[in-house]
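A.B. asks: Mind looking over this structure? Questions follow.
Here, each number is a calculation from the coordinates, and none is a lab measurement. All values derive from a computational prediction rather than experimental measurement. Here the Cβ positions follow ideal geometry from the backbone for every residue, glycine too, while neighbour counts run over all protein chains shown.
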Amino acid sequence: MELLALGASHKTADLAVRERLALLDGQIEPFLHELVALEGVTEAVALSTCNRTELYVVGESPEVAIQALPADVPLYSARNCDAARHLYRVVSGLDSMVVGEAEIQGQVKRAYERALAARTTGPLTNQLFRAALATGKRVRTETAISEGHASVATVAVDAARALIGELSQRHVVIVGAGETSEQVARAFHAHGVSTMFVANRHRDRAIALASRFGGESGGFDQLPDELERADVVVSSTASPHAIVGPEELDAVRGGRPLLIIDLAVPRDIDPACASVDGVTLLDMDALQRAVRGHLNVRKGEAVHAEAIVEEEIQTFAGWLGRLDVMPTLAALRGRGDAVVNELLAANAGRWESLSAKDEARVEALARAVVKRLLHEPTERVRTLDDEHRHARLKLLRELFGLEEDAASEAGEAAEVRRLAG
């Protein structure tokens, strides 16, 4: 069984590519079931955020998971400990657009919980994600990498302030009422914004969010009127299609200045809106360019965080290594038991005066001899370091003729039942 991480992020793919890979909430569970239905895949977890879509798959041939993704997109991949290291860095905020941002921890946790609910996890992914989440928590506890609570939302508000100046007297429209929209509303409120409108498809969620920050709320049917009087629009919904186009924007703006920040992937705002007179449009790629300088802000804390990740990876590597050891040890013990059984069977008719009790003692003695003989090599195999484990195990299998036995035992020991949804 191998672990494979496969995906694309803001570091490797532009927004147009990330849109094609993005998985919305209703698509994730069917997609996970599609993955584990592939021959060679037994476990799967999918992580999809505005800045990355990644698959973590386990199986005898996990690379077949690439069949479920578009064929012409640039993907990165990593196996086993390298895959785990990548996830640990993601959870810790080290791979984020805004280094140290805390939201990714919750996003990874929810991705894992969705896979649990879909019943597509197994022993390896369970261990991986629990350990990764614990590592992320440790990084944020033992370092100051998340100090200041910087996030995509706060970067968006900082960008608005840089482009249009003082925000307190501006009318802000927030489209969407999810976690990101809540962070945006909080950041604007911290800058003194008091005229805020929250538009959402589900009115009750918009009301709840607006009331927390002294704003008003409404459904998408009120959006045209709000676009007409807005100074800043920030959109972050889970819509699969654009919800604001250039024609409707041009009709209500009349060339007056408007800043639109689109935090959604797929995009909520048609890119053609950037051509509307008076409109400035920032999407996630534009924000990434705006925060490149932030990458150096917490360099010292990032070094400390990387050290924690490496320490935790060694623990995971040890656990992963023991998965390799166990089939070989099982095969070795099985070979010893087989030798005893063969000898007892071959001599079964030669114990003319042996009582049943004495026959049992002979068998116990034979098994004890085998057990003692194998005790020392068993203990030494258990304590092999990562560097020498594979070569030593291979030699042990060759010396005892365990190649076929080990392969068979490995299949049984590592097998994870493919679970139906």
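A.B. asks: For the stretch 238-346, what class follows from the C-alpha gyration tensor (a ≥ b ≥ c being the square roots of its eigenvalues): rounded when a/c is under 1.5, otherwise prolate if a/b is larger than b/c, else oblate?
C.D. replies: Since a/c reaches 1.5 but b/c is at least a/b, the shape of the stretch 238-346 is classed as oblate.
A.B. asks: Sort LEU38, LEU209 by Cβ crowding within 10 Å, fewest neighbours at the top.
C.D. replies: LEU38, LEU209
A.B. asks: Continuing with this model, one more query. Report, ordered by chain and residue number, the lysines lying within cross-link reach of LYS11, taken as a straight Cα distance under 26 Å and ignoring same-chain residues fewer than 8 apart.
C.D. replies: Reachable lysines: LYS109, LYS137, LYS299.
A.B. asks: According to the square roots a ≥ b ≥ c of the eigenvalues of the Cα gyration tensor, what is the shape class of the chain, taking rounded for a/c under 1.5, prolate for a/b larger than b/c otherwise, and oblate for the remainder?
C.D. replies: prolate
A.B. asks: On to the next question. Which number do you get for Rg(Cα) / (2.2 N^0.38 Å) in the stretch 27-142?
C.D. replies: Normalised by 2.2 N^0.38 Å, the Cα Rg of the stretch 27-142 equals 1.02.
A.B. asks: Run the numbers for ALA16 and ALA348: contour at 0.36 nm per residue of separation, minus the present Cα-Cα distance, in nm.
C.D. replies: 112.1 nm
A.B. asks: Enumerate the helices in the chain for which the Kyte-Doolittle hydropathy averages -0.5 or more and the C-alpha atoms extend at least 15 Å along the helix's axis, using complete DSSP H runs.
C.D. replies: 25-36, 80-91, 123-142, 152-164, 299-346
A.B. asks: For a quick protection proxy, order the peptides 227-239, 76-88 by their average other-Cβ count within 10 Å, most packed first.
C.D. replies: 227-239, 76-88
A.B. asks: Here is a follow-up. Report relative contact order for the chain in percent, whole number only (criteria: Cα-Cα under 8 Å, sequence separation at least 6).
C.D. replies: Result for the chain is 15 percent.
A.B. asks: Can I ask one more? Let me know the charge dipole size of the chain about its Cα centre in debye, to the nearest 20, where only the beta-carbon of Lys, Arg (+1) and Asp, Glu (-1) is charged.
C.D. replies: The calculation lands at about 1080 debye.
A.B. asks: Further question on the same structure: Can you sort ASP277, ASP283, ASP95, ASP72 so the residue with the fewest Cβ neighbours within 10 Å comes first?
C.D. replies: Fewest-to-most ranking of ASP277, ASP283, ASP95, ASP72: ASP72, ASP277, ASP95, ASP283.
A.B. asks: Next question. Going Cα to Cα from LYS357, which lysines come in below 23 Å? Please leave out same-chain ones fewer than 8 positions away.
C.D. replies: Filter leaves LYS371.
A.B. asks: Pick from THR141, THR125, THR180: which residue has the top mean-square fluctuation in a GNM of the chain where Cα pairs under 10 Å get a spring?
C.D. replies: Result: THR141 has the largest fluctuation of those listed.
A.B. asks: Under a 5 Å amide H to amide H cut-off, with H placed in plane at 1.01 Å, what residues pair with ILE269 once short-range neighbours are removed?
C.D. replies: ILE243
A.B. asks: I'd like to know how the stretch 160-210 sits against the 2.2 N^0.38 Å rule of thumb: what's its Cα Rg over that expected value?
C.D. replies: Compactness ratio reported: 1.11.
A.B. asks: I've got another one for you. In what sequence do VAL362, VAL45 fall when counting other Cβ within 10 Å, fewest first?
C.D. replies: So the ranking, lowest neighbour count to highest, is VAL362, VAL45.
A.B. asks: A further question on this structure: What's the extension gain from MET326 to GLU363 if we count 0.36 nm per residue and subtract their Cα-Cα distance?
C.D. replies: Extra length from MET326 to GLU363 when fully extended: 10.8 nm.
A.B. asks: When only alpha-carbon atoms are used, what values of Rg and Dmax, in angstrom, describe the stretch 316-386?
C.D. replies: That works out to 16.6, 56 Å for Rg and Dmax.
A.B. asks: Roughly how large, in nm² to one decimal, is the mean projection of the convex hull of the alpha-carbon atoms in the stretch 168-253?
C.D. replies: 5.1
A.B. asks: Specify whether the C-alpha gyration tensor of the stretch 1-95 places it in the rounded, prolate or oblate class, a ≥ b ≥ c being the square roots of the eigenvalues: rounded for a/c under 1.5, otherwise prolate if a/b is larger than b/c and oblate if not.
C.D. replies: Oblate, since a/c reaches 1.5 and b/c is not below a/b.
A.B. asks: Compute the projected area of the convex hull of the Cα atoms of the stretch 152-295, averaged over all viewing directions, and report it in nm² to one decimal place.
C.D. replies: 7.7
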